[in-house]
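Notes to accompany the following structure.
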Amino acid sequence: MRLHAMKRRKTMNGFFPCLLALVLALKALAITVAGDVVVGSISIISLTMFDKMDVFTCNYLVVIGAFIIAIFTGWVWGIDNFLDAANVKVPLQRTWLRICVKYVCPVAIAIIFIGNFVK
């Protein structure tokens, strides 16, 4: 309170919504584990709706995002700008990161993405 020059009443106004959110999140977790959630019990091709969202997010969105970041960092923004921002000074590390970020990472991420379609 003293650090941010806030009154007790103002700090408590932020505490109670956080406490309420924590209680509701724990309750939702307990209901989800018990399997009583209406949306969670809807089955789409032998997976629940939450399972489908999890598979889509983990297998596709995260991988596509990583690929876009690797391409942007290595080719659009420039590898030297990246290495300067990361404060890499050792020449051996700069060379190794230049090769990995520009060539190895996009290829590895593309292989992972293609591997998601092969079962």
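The values are calculated or read from the model by the stated rules, or taken from the named source; none is laboratory data. None of these values were measured; they are calculated from a predicted model. No Cβ is skipped: glycine too gets one built from the backbone with ideal geometry, and neighbour counts run over all protein chains shown.
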Examine region 92-111 for a residue that is polar (S, T, N, Q), at positive phi and either part of a loop (DSSP other than H, G, I, E, B) or modelled with pLDDT under 95 (or both), and state whether such a residue exists. no
Under 6 Å between Cβ atoms, which residue pairs at least 6 apart in sequence (or on different chains) link something in region 49-74 that is closer than 14 Å to C105 by Cβ with a partner that is in a helix (DSSP H, G or I) and not aliphatic (A, V, I, L, M)? V63/F113; A70/C105; A70/P106; I71/P106; T73/F82; G74/K102
Sort out which residues of region 47-79 are of a type outside the set (V, I, T) and within 30 Å of T95 (Cβ to Cβ), and write them in order of number. G65, A66, F67, A70, F72, G74, W75, W77, G78
